[in-house]
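Below: one structure, written as C-alpha cells.
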Amino acid sequence: MLWKTQIPVAIVFAVGMLTLIQWFVPHWPFDQIQVHTTQWFDIIAVFAVILGGLNLLKLQLQKVISRGRDWPYALVTIVGFLAMMVYGFSPVGVPEGIRLGDHLQANGSHFRWMFFNVFTPLSATMFALLAFFVASASYRAFRVRNAEATLLLVAGIILMLGRVPLGAKMTAFLPHFMQLPTVQEWIYAVPNLAGARAIMIGIGLGMVSTSLRFILGIEKSFLGGDE
Amino acid sequence: MSRDVWTVVALGMIAVLTALTVMFLSWGIGNHSVGFGFWVGSVLTLGIFSYLYKDNPFYKFAEHVFVGVSAAYWIAIAYWTQIDRNLWGRLLPEQFPQGGHEFNGFYIIPLILGIFMLCRLIPSIGWISRWSLAFIVGLYAGLRMYGFLQSNIMEQARDTLRPIIVPGSLVDSINNFLLVVGVLSALLYFFFSKEHKGVFGVVSRVGIFFLMISFGASFGFAVMGRISLLIGRFDYLIQAGTPSAGRASVVVAVIMILVLLIQAFKDKGSAEEA
C-alpha cells in the first residue's frame, strides 16, 4: 500500500507543488526547476516510448509463437521493427565519417532512406485515406435536418470553397464583401472565433480542475485498477 | 481456402520484406537507389489505398509494416535526440560531448525513473513504474495548470473584453458585439447546473449556433487537410509512374488489381459452390 499507492501520490503532490511554486517564485533554486524538470520529463517520456516499442515486440512475438489469428502479419511487424532498429542503432548503413546518431539526418544513411521510402509513404497515405472516410462522414453530417446542422453545413462549405480559387471565381461578379473568400474570412475571424474561444476556455477550466485533482491526490486513475 | 491463400500471400510478402532487409544489410542498396525507393513506396502507398476496395492482405501487410517501422522510428528519434544528448551528455559529458552540456549529477534521477518505467515489462516488479508515472503526472499537472490558466483562460478572456462601440467603424462594432455575445452564450451552454429553459434556454441556444459554426469551420479545415495529403500521395504515384522511376506505381497497381480480381472470382466461385 505504502510503496504502490501512497508514495506515487506523494510524488505527484511534491512534484506538482514544486512545479507550481516555480511559476510564482522566479528566484534560485525555484527558477531552475522548470529548466531541468522539463528535460527530465522528456527523458522519462523517451523511456515510455521505448517501453511501448518493447511491449509491441513482446505482444507480436507472443502472437507468432502461439500461432494466433493473422500471425504472419505479426511477423511483418517484427521484421519492420527490427529492420528500423538495426538502421537506427547499429553502424549498418551509416555513411563513412558520420557519427552514429547524426546518421538519422545524413544523406545516404539507410535510416533516412527508410524514412523517405517506407515511413513517409505509409504515414502520409494512412492519413490521406481518411479523406475518403471524411467524405462519407461529411455526407452524413451535412444532411440538413435542423437549424444547427444547417449552420454547420453552411460554415463548412463556405470555408472550404472560400479557400480555393474556385470559390473566388464563382463569386467574382458579386460585391467584395459578398465574395466567398471575404465571407469565409469573416466566419473564421468572428463567429468561429467566438465558438472556439468558448471551447478553449472550457478546456482551460477543465485542465486546471483536473490538474488540481491530481496534485491534491483526489484523482488516482494513473495508478491503474489495482491500487 | 481463401484464408490459406492469403496466408501464403502474406508469408510471401514477409519473405520479400526479409530479403529486402538482408539485401540492405549486405549490399547497401539504400545508398544509391532512388528508383528502388519508388518501388517500395508504391507498394506501400497502393497497399494502404487498397483498403478502399476492402480489407485485404496488401493493406494488412502495409499496415503492419507501418506499425513496426513507426514504433522503431520514434524510438530511434527519441533516443538520439534526448537520451544521447541530454542524459548521457550530462552524466558522461566527456564521452558524449555532442550535447554540449556540463556534468550534472542530478540527471541520475530521470535515469533511475526511466529504468523504473521499463520495469513494467516484468509483472512482479511492474508496480514500481508508478513512481515514474507519478513524476510525469505531477510535473505535467503543475506545468499545464498554470500554462492553461494563462493561455486558455486569462488571455482568451482578456481578448474578449473588446469595446462594443468602436467610434467610426460600424463593422468593428458589430464584429465585437457578435464576438462577446458568441463567447458568453457558448460558455452559458456549457453551464449545466441550471435547466436550459426561458431566457437561459434562448441564450444557450444562441451559444449552440456559434458552436456549430465553429465545428463547421473545424470540419472544413479537417477535410481540406486530408484532401491536400491525398493530392500529395497522388502526386507521388504519378511521379513513381514515370519511365525514369521504372513505372513502379503502374506495375504495382496492375499486379495488385489482378491479384485482388483473381481472388474475388475465386471467392465468388467457392460461395456459389457452397
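The values are calculated or read from the model by the stated rules, or taken from the named source; none is laboratory data. What you see is a predicted model; the values in this text were computed from it and never measured. Cβ atoms come from the backbone with ideal geometry, glycine included; neighbour counts cover every protein chain shown. In case anyone asks, the SASA skips ligands and DNA or RNA and just uses the protein heavy atoms, side chains included. Shrake-Rupley method; radii C 1.70, N 1.55, O 1.52, S 1.80 Å.
The combined condition, being more than 10 Å from every other protein chain (Cβ to nearest Cβ) and under 30 Å from A:L180 (Cα atoms), is fulfilled by B:V166.
Report whether or not B:V65 is under 30 Å from B:I255 (Cα atoms), within 7 Å of chain A (Cβ to nearest Cβ), β-branched (V, I, T) and in contact with a Ser or Thr (Cβ under 8 Å, 6 or more places away or on another chain).
Numbers: under 30 Å from B:I255 (Cα atoms): yes; within 7 Å of chain A (Cβ to nearest Cβ): yes; β-branched (V, I, T): yes; in contact with a Ser or Thr (Cβ under 8 Å, 6 or more places away or on another chain): yes.
For B:V65, the condition - under 30 Å from B:I255 (Cα atoms), within 7 Å of chain A (Cβ to nearest Cβ), β-branched (V, I, T) and in contact with a Ser or Thr (Cβ under 8 Å, 6 or more places away or on another chain) - is met.
Take A:Q179 and tell me if it is out of contact with any Leu (no Cβ under 9 Å at 6 or more places or on another chain), surrounded by 16 or more Cβ atoms within 10 Å (Cβ to Cβ), modelled with pLDDT of 90 or more and not hydrophobic (A, V, I, L, M, F, W, C). Criteria met by A:Q179.
Flag not set for B:G201, criterion: open to solvent by less than 50 Å² (accessible area, probe 1.4 Å) and farther than 30 Å from A:I157 by Cα.
Can you find, within region A:131-165, the residue that is farthest from the other protein chains (Cβ to nearest Cβ) among those that are buried (at least 18 other Cβ atoms within 10 Å of the Cβ) and more than 29 Å from B:D235 (Cβ to Cβ)? Once the filter is applied, the top-ranked residue is A:L153.
Residues in region A:19-45 that are farther than 30 Å from B:I75 by Cβ, assigned to a helix (DSSP H, G or I) and either open to solvent by 60 Å² or more (accessible area, probe 1.4 Å) or more than 7 Å from chain B (Cβ to nearest Cβ) (or both): A:I21, A:Q22, A:W23, A:F24, A:F30, A:D31. Answer with yes or no whether B:Y236 is more than 26 Å from the chain's Cα centre (by Cα), more than 29 Å from A:F177 (Cβ to Cβ) and surrounded by 17 or more Cβ atoms within 10 Å (Cβ to Cβ). Considered against the rule, which asks whether it is more than 26 Å from the chain's Cα centre (by Cα), more than 29 Å from A:F177 (Cβ to Cβ) and surrounded by 17 or more Cβ atoms within 10 Å (Cβ to Cβ), B:Y236 comes out as no.
So, A:A48, is that one more than 7 Å from chain B (Cβ to nearest Cβ), aliphatic (A, V, I, L, M) and under 28 Å from B:I128 (Cβ atoms) or not? Walk me through it before giving the result.
Details: more than 7 Å from chain B (Cβ to nearest Cβ): no; aliphatic (A, V, I, L, M): yes; under 28 Å from B:I128 (Cβ atoms): yes.
So A:A48 fails the test.
Hey, among the residues in region A:81-121 that are among the β-branched types (V, I, T), more than 7 Å from every other protein chain (Cβ to nearest Cβ) and not in a helix (DSSP H, G or I), which one's most open to solvent (accessible area, probe 1.4 Å)? Per the stated criteria, the residue is A:I98. State whether one or more residues within region B:44-64 are among the β-branched types (V, I, T), more than 15 Å from A:W71 (Cα to Cα) and either touching a Gly at 6+ places or on another chain (Cβ under 6 Å) or assigned by TED's automatic domain parsing to the domain that holds B:L118 (or both). Among the residues of region B:44-64, not one is among the β-branched types (V, I, T), more than 15 Å from A:W71 (Cα to Cα) and either touching a Gly at 6+ places or on another chain (Cβ under 6 Å) or assigned by TED's automatic domain parsing to the domain that holds B:L118 (or both), which makes the answer no. Among the conditions (1) in a helix (DSSP H, G or I); (2) at pLDDT below 95; (3) touching a Gly at 6+ places or on another chain (Cβ under 6 Å), the only one that B:H101 does not satisfy is (1). Return only the number of the condition from (1) under 18 Å from A:D42 (Cβ atoms); (2) open to solvent by less than 50 Å² (accessible area, probe 1.4 Å); (3) of a type outside the set (S, T, Y) that B:I109 does not satisfy. All conditions are met except number (2).
Of all residues in region A:56-69, those satisfying the criterion of being within 11 Å of chain B (Cβ to nearest Cβ), exposed (fewer than 14 other Cβ atoms within 10 Å of the Cβ) and assigned to a helix (DSSP H, G or I) are A:K58, A:L59.
Quick grid of which residues meet (1) in contact (Cβ under 8 Å) with a residue 12 or more places away in the chain; (2) under 26 Å from B:G47 (Cα atoms); (3) of a type outside the set (K, R):
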position	(1), (2), (3)
A:L51	no, no, yes
A:L57	yes, yes, yes
A:K63	no, yes, no
A:D70	no, yes, yes
A:V76	no, yes, yes
A:F89	no, no, yes
A:G93	yes, no, yes
A:L100	no, no, yes
A:H103	no, no, yes
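Tell me the residue from A:A128, A:A168, A:A124, A:A189 that is open to solvent by 20 Å² or more (accessible area, probe 1.4 Å) and either at the interface with another protein chain (Cβ under 9 Å from one of its Cβ atoms) or acidic (D, E) (or both), please. Write out each step before concluding.
Working: A:A128 fails: open to solvent by 20 Å² or more (accessible area, probe 1.4 Å); A:A168 fails: either at the interface with another protein chain (Cβ under 9 Å from one of its Cβ atoms) or acidic (D, E) (or both); A:A124 fails: open to solvent by 20 Å² or more (accessible area, probe 1.4 Å).
Of the residues listed, the single one that is open to solvent by 20 Å² or more (accessible area, probe 1.4 Å) and either at the interface with another protein chain (Cβ under 9 Å from one of its Cβ atoms) or acidic (D, E) (or both) is A:A189.
Of all residues being closer than 20 Å to A:D42 by Cα and among the basic types (K, R) in region B:119-171, which is nearest to the chain's Cα centre (by Cα)? Just the residue, please. This residue is B:R144. For the criterion of being of a type in the set (D, E) and either modelled with pLDDT of 90 or more or in contact with a helix residue (DSSP H, G or I) (Cβ under 6 Å, 6 or more places away or on another chain) (or both), A:E148 passes.
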